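Worksheet: the structure to be examined is printed underneath.
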Amino acid sequence: MRTEQPTTIHLTDYKQPDYLIDETHLTFELFEDHALVHSRLAMRVNADGEGALPPLVLHGQELMLQSVKLDDQSLAADAYQVDENSLTLQPVAREFELAITTRIEPQNNTALEGLYKSGGMFCTQCEAEGFRKITYYLDRPDVMSRFTTTVMAKRDAYPVLLSNGNLITSGEHEGGRHWATWEDPFPKPAYLFALVAGDLYRIDDSFTTMSGREVELRIYVEPENREQCGHAMDSLKRSMRWDEDVYGREYDLDIFMIVAVNDFNMGAMENKGLNIFNSSCVLAHPDTATDAAFQRVEAVVAHEYFHNWSGNRVTCRDWFQLSLKEGFTVFRDAEFNADMNSRTVKRIEDVTFLRANQFAEDAGPMAHPVRPDSFIEISNFYTLTIYEKGAEVVRMLHTLLGAERFRKGTDLYFDRHDGQAVTCDDFIAALEDANGVDFTQFKRWYSQAGTPVLQIDSRYDAATSTFQLLCRQSCPATPGQPEKQPFVIPMRMALLDGEGREMPLQLAGEDQGRGTETVLAVTEAEQLFVFENVTEEPLPSLLREFSAPVKLVYPYSRDDRVFLAMHDPDGFNRWEAAQSLAVDVLQGLIQIHQAGRPLLLDQRLLEVHRAVLEDTALDAAMVAEILRLPSEAYLIELAEVADVDAIHHVREWVRRELATGLTEVMWTRFRQLGDDGSSYSADAESMARRSLRNTLLGYLMLTESSESLSACVQQFVEAGNMTDRQAALVALVNSPHEQQKQAALDEFAQRWSDYPLVMDQWFGIQASSPLPGGLERVQALMSHAAFNIRNPNKVRAVIGAFANQNLANFHRADGEGYRFVADQIIELNRLNPQIASRMLTPLTRWRKFDASRQALMKAELTRILACEDLSADVYEVVSKSLA
Ligand code: ARG
Ligand code: ZN
């Protein structure tokens, strides 16, 4: 057990920095066994007048301090104090220059935070608080400084030397060493600093901005990956154009660089002018990457690029404001994707993800508001709530204002705060001031955690031709927040007549009608909306586009859901109706299964699926989304006490019933869709076709016919792209055909052994296979030559996939799944606390399960908590989840 508890940091304790850093001059001398970092900081006190100067406390961790100079005078060791987290000294002038040299060991940095080595290259990750592992500094986002950086290294091993901004000079040293100096003209916080040194291949392109400036675009990758950068480059150019068109935001430097690294804790990082990416978010080639990977590359490239304005030009005052840049930027990348592909499908994907994952976070021990009040380790707050729920909050503002007024608001925000470090309140104030609106109540979305429940009941009165919607909202208690105030819930809706047509909307007390679709603002705990001139009893189509991140409860019958699934003119709600019908059917069957009674499928679900399959006018991607049953994770989230075995059993049983009942129409559609042969395109229509075809292949394999097996094997062998090949492999791995399965896995591993990202897929497919014996398979994968616990992508592909996607095996009744994951967390805690902490999430959800599993999960959490040298990251999550 750790003796000293890490400290909690509170938003209410925020204080302006005592000192500012106008200029930061860095020189890095990189060697194989250490690096020397020389900094020269032009500093001044952050106060007017003549008052006594406060002590200067610089952040620093895991540094070997070599020297400190104040205005060129070396300080004696008794002139400053150093502890585990800081360097303190007493300035004597209001303005001064501080020069510090530290020694660090990037080659031993397994936490991948600060300066570290990935493969043969040096790279950095400084957000949120990694810069303090490089040198002593005011490592907080409200200290913004102009950086000049010189990098020195051996020329043959590190021909490419990069940092933020523009290359100023470079040259040779004796002994085969060389150097390059970069200057970033834009003041920035240290978290946006980056450095790269390596032997990298460069792909060049260019972009002409809206004002006619020419920007050089460069992607740097390891030479063997040079053929896999086209999609990232194309996505970058489309992002740059889109941000000009939609937000009026132009790129501001003459050069924009992306570097791909294999070892990275997250997806990517928006360092000014020098984005560093997990290679999984850059590399994409049809032979090696699936459509999902192509989509992810596009999304992450766009996300990091958009940060140049929403994050870099206007940054966060403190880390409590993280969602200011992340929520807004996720909203921006989602809209970009919607404009590039299918808006409805993108929304379905995002809502599915949010409900299965963020809702669970909101209901768990780490629940926190979009703007948290406190944290122990900020790395733990790069969460689904900050990112995805934060994006939903921005989306609601967009919905309430409409596109045009929202744009007026963001124009004012960027204009007013360019070059500043600001708060979520400043963002809201800009939207308010630009439009003369008041978002005081709306701001509760930033301060209150938890997923609100919106319960709606209706009453039709034929005599007065009125239709009433009674809306009631509530929000469950979350840690530290027993009571909640009502939210502002924008609820997009329509009323449908017996033919499924939208009816005119006339609200009582309003002069003007509202057309046939409107957004109601639900602001009270209980609120009545009365529609007039409603000539027949309507069926309401509620919360269209998922216009607020809430749980909607309305007493739809199964027939209502069938009707909406077939007739709602709104694509999103058509999917939602089919989905909620499936949820209802599955939940009913789970109860029947638990009671030990035989299962019988409600044929209405089958008929909806049949109708959708036969509707060739419907976007194929939509069909695929409707056919995909609600995930086990979502069914667990919805359950009071989740019976994992029953959920898994019943869901698989329904899939098999659908496959058996719809075999013929599935084959017809499967054949109609055809394969791609050797031509591949990453456009939305082709991806939609592959998505549906592979969904059907998965179903058809459940019929266990020789026909489906040979179609699957044939697709695996002949596929002209990784999407189709991988889908066939998944179907084989989850089938009982041991021989074909093993042959395919072996062939795949052999063919792609030199491609780490493809091997990640190979690991992930096996680790998530729900067939019995999953733990033993995963243990075997851990000793495979291509597995490496120091590489986060491998950890996610094996341990992460097992704990998050293989629920039947992870939750096996004897607790061995939990024990295995806990063992890995204990190992990772020493190596990489951020990744260790991520892997904890499934164990923290223990309250969802039966008493015996609860005890087993808690026992593992307790065992972790008792470990020596627990990182702050792991300590925070474990202690909060046991509290
Ligand atoms: N700001 C980055 C992004 O969302 C992610 C930050 C990475 N943080 C980390 N602790 N590795 O684009
Ligand atoms: Zn981001």
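Pull out all pairs, ordered by first then second residue, where Cβ-Cβ is under 8 Å, the residues are six or more apart or on different chains, the first lies in region 721-745 and is crowded, with 17+ Cβ neighbours inside 10 Å, and the second is of a type in the set (Ser, Thr, Tyr).
If the second residue must be of a type in the set (Ser, Thr, Tyr), the pairs left are Asn721/Tyr680; Met722/Thr288; Met722/Thr290; Thr723/Thr290; Gln726/Thr290; Val733/Ser769; Asn734/Ser769; Lys741/Ser735.
Among (1) in contact with a Phe, Trp or Tyr (Cβ under 7 Å, 6 or more places away or on another chain); (2) among the β-branched types (Val, Ile, Thr); (3) open to solvent by 40 Å² or more (accessible area, probe 1.4 Å), there is one condition Thr440 misses while meeting the rest; what is its number?
For Thr440, the failing item is (1).
Looking at (1) touching a Ser or Thr at 6+ places or on another chain (Cβ under 8 Å); (2) under 23 Å from Phe748 (Cα atoms); (3) in a helix (DSSP H, G or I), can you tell me which one Ala624 breaks?
Answer for Ala624: the failing condition is (2).
May I ask you to verify whether Ser279 is more than 14 Å from ligand 1 (Cβ to nearest atom), small (Gly, Ala, Ser) and within 25 Å of Glu113 (Cβ to Cβ)?
yes
Looking at region 308-318 only, could you name the residues that are without any contact (Cβ under 8 Å) to a residue 60 or more places away in the chain and either more than 26 Å from Leu138 (Cα to Cα) or open to solvent by 10 Å² or more (accessible area, probe 1.4 Å) (or both)?
Within region 308-318, none qualify.
Might you check whether a residue that is open to solvent by 60 Å² or more (accessible area, probe 1.4 Å), at pLDDT 95 or above and assigned to a helix (DSSP H, G or I) occurs anywhere in region 759-771?
Checked region 759-771: no residue is open to solvent by 60 Å² or more (accessible area, probe 1.4 Å), at pLDDT 95 or above and assigned to a helix (DSSP H, G or I).
Restricted to region 321-344, and to residues that are assigned to a helix (DSSP H, G or I), more than 16 Å from ligand 2 (Cβ to nearest atom) and not hydroxyl-bearing (Ser, Thr, Tyr), which residue is surrounded by the most Cβ atoms within 10 Å (Cβ to Cβ)?
Met340
Pick out, from region 196-276, the strands (runs of 3 or more DSSP E) lying fully within it that include 1 or more residues that are within 16 Å of ligand 1 (Cβ to nearest atom).
Ranges flagged: 255-261.
Show me the strands (runs of 3 or more DSSP E) found entirely inside region 70-184 where at least 1 residues are modelled with pLDDT of 95 or more and among the β-branched types (Val, Ile, Thr).
By residue number, 80-82, 86-89, 95-104, 121-125, 145-154, 160-163, 166-172.
What's the number of the only condition in (1) away from ligand 1 (no atom under 16 Å from the Cβ); (2) buried (at least 24 other Cβ atoms within 10 Å of the Cβ) that Tyr305 fails to meet?
(1) is the only condition that Tyr305 fails.
Look at Asn312 and say whether it is in contact with a Cys (Cβ under 8 Å, 6 or more places away or on another chain), part of a loop (DSSP other than H, G, I, E, B) and within 13 Å of ligand 1 (Cβ to nearest atom).
For Asn312, the condition - in contact with a Cys (Cβ under 8 Å, 6 or more places away or on another chain), part of a loop (DSSP other than H, G, I, E, B) and within 13 Å of ligand 1 (Cβ to nearest atom) - is not met.
Considering only residues that are more than 19 Å from Val550 (Cβ to Cβ), open to solvent by less than 40 Å² (accessible area, probe 1.4 Å) and among the small types (Gly, Ala, Ser), which ones fall in region 481-508?
Once the filter is applied, which keeps residues that are more than 19 Å from Val550 (Cβ to Cβ), open to solvent by less than 40 Å² (accessible area, probe 1.4 Å) and among the small types (Gly, Ala, Ser), region 481-508 yields only Gly500.
The values are calculated or read from the model by the stated rules, or taken from the named source; none is laboratory data. Predicted model only: the values in this text are computed from it and were never measured. Ideal geometry is used to build each Cβ from the backbone, glycine not excepted, and the neighbour counts take in all protein chains shown. Accessible surface areas use protein heavy atoms only, side chains included; no ligands, DNA or RNA. Shrake-Rupley method; radii C 1.70, N 1.55, O 1.52, S 1.80 Å.
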